[in-house]
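The values are calculated or read from the model by the stated rules, or taken from the named source; none is laboratory data. Note that the structure is a prediction, hence the values are computed from the model and not measured. Neighbour counts are summed over all protein chains in view; Cβ atoms, including those assigned to glycine, are modelled from backbone coordinates with ideal geometry. Accessible surface is based on the protein model in full, side chains and every heavy atom, while ligands, DNA and RNA are left aside. Shrake-Rupley method; radii C 1.70, N 1.55, O 1.52, S 1.80 Å.
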Amino acid sequence: MKPNRNFHSIVLAVALACAGACVAQTPAERMAQVVQPYSDAQVFMGSVLAAKHGKVIFSKGYGMANLEWNIPNSPTTRFNIASMTKQFTAASILLLEDRGKLKTGDPIRRYLPEAAASWDKITIYNLLTHTSGISDDAATYVPGTPDKLIFHDKPLNFQPGEQWSYVNMGFLTLGYLVEKLSGQTYADFVHDNIFKPLGMNDSGMTSNVDIIPHRATGYWPGDNGIENAERPDPRIGFAAGSLYSTTEDLLRWEEGLFGGKLLSPAALRKLTTPFRNDYASGLFAKRVNGHLMIEHNGDNIGFNADMAYYPEEGLAVIVLANLNGLVMGKIATALAAVAFGEPVPPPSLHREIAVPTRVLEKYVGTYQFSDGPTEIGIENGHLIARFTSGQTMVFFPEAETKFFTKAWDIQLEFSQNDKGEFKFLLWRQNGNEDRGTMN
């Protein structure tokens, strides 16, 4: 038989295909590459999980749950989830509506008549969607047995339903309402009606008193490295920010919630349909790169969290951290891109460099911004911003004229006037800019 003259080309093509297949990375390997640079740079410690249709694609812990005991983070480490608590509070309210205990269109004073007179037109739905017009000082939450909510007759910032303003007090009030109507503590109601039915055995209410196995310690990026975060009474966050959970339990939540195991279809629509500013009931809902994303993040002292669910693709991405920082959303976005087979943006990291004190001294002074003055000074070899409230914020150099914080999305850039004097300061925060001029 005559040899096929294309035989060698075919063999070469097969060999190349095999070689390509041999080096092709799995989604889990690509996801590991997404997270590792943030861990290596010591700007992320925590646990991450990605799953599609309930099947885990990637699940891993990074850094330490407790640095002093050298205990690593894992998929079963329990983290405070901060404002991600709000979706559980919203689901509790909608469960009560499903059971005929309330109507979200009713005025809140129908159920809490002790609320201030200025709350007359505020509905439960306004509180769920951050459209009530109240401010965080409209009431005082006092944890105890029983919990207390002391209302203050403060004027509203806007008429209910007309604008959007993210206010924790609205969800503190909703948690108090859950207790009033159910006759249970908020923690017991959420446990009995959400956690237990969904098998979320590693979730609960954070406490400085209770023994919580596998609890992560919270950390803060200090001036000279990672420090223990302050430990205020975690009960203060209550129904707006005091729950803890694990990545694995939160997957059970997403699968149970969107699998119809908890709420009626009408209640689930109310939970996930945006009203104003892409905000639904305790959750954001918007399209990102063509994908419907239902998401919320959380920030407390020592802890950050971000969880996104893409219902059209059945994708869940969960990032929990016990080191305050800026990268949870970036990690979650990149993990979703890997799952969708889309381009992944390179890691966005600020890298600290050494800058002599004589250079820092050029920037010292008081800068006038649109919202008032901010003083720039030097403490312990670091540039600091001192606000009129007396609070200070430490900045770290990434170039001679550019500085960043490690815990917040804030960057500074100094520039000169036509005389070569540093008189201008560009303040970048959460994508917004403000320009200050030295007095």
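Tabulated data
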read-out	value
Cα lying deepest toward the dipole's positive end in the range 211-354, options Leu326, Ser348, Gly259, charges on Cβ	Gly259
Sparsely packed chymotrypsin sites (Phe, Trp or Tyr not before Pro) within the range 62-95, loop by DSSP, other Cβ within 10 Å at most 12	Trp69
Those residues of the range 120-149 whose amide nitrogen sits under 12 Å from the label point placed on Ile236, 7 Å along Cα→Cβ	141-143
Carbon/sulfur fraction of accessible area - the range 137-210, other protein chains in place, 1.4 Å, %	47
Those GluC sites (Glu not before Pro) in the range 65-139 that DSSP places in a loop and that have at most 16 other beta carbons within 10 Å	Glu68, Glu114
Calculated [θ] (222 nm, deg cm²/dmol) that DSSP helices of n ≥ 4 give over the chain, each run adding -39,500 (n - 2.57)	-7500 deg cm²/dmol
Rg and Dmax of the chain, Cα atoms only, in Å	25.0, 98
Carbon/sulfur fraction of accessible area - the range 52-105, other protein chains in place, 1.4 Å, %	53
Charge dipole magnitude, Cβ of K and R +1, D and E -1 - the chain, Cα centre, debye nearest 20	1220
Convex hull volume per residue for the range 146-236, taking Cα atoms only, in Å³	194
Spacing of the two label points (7 Å from each Cα toward its C-beta) at Ile378 and Asp192, in nm	6.2
Of the GluC sites (Glu not before Pro) in the range 206-308, those whose Cβ has at most 16 other Cβ within 10 Å and which sit in DSSP loop	Glu230
Residue-level accessible surface for Ile378, protein heavy atoms, 1.4 Å, Å²	60
Potential extension, Lys154-Asp137 segment - 0.36 nm per residue separation minus Cα distance	5.3 nm
Residues of the range 223-256 with amide N under 13 Å of a point placed 7 Å along Cα→Cβ from Val56	246-252
Surface share of carbon and sulfur [accessible, 1.4 angstrom probe, percent] for the range 244-375	50
Rounded accessible area per residue of the range 42-150, 1.4 Å, Å²	40
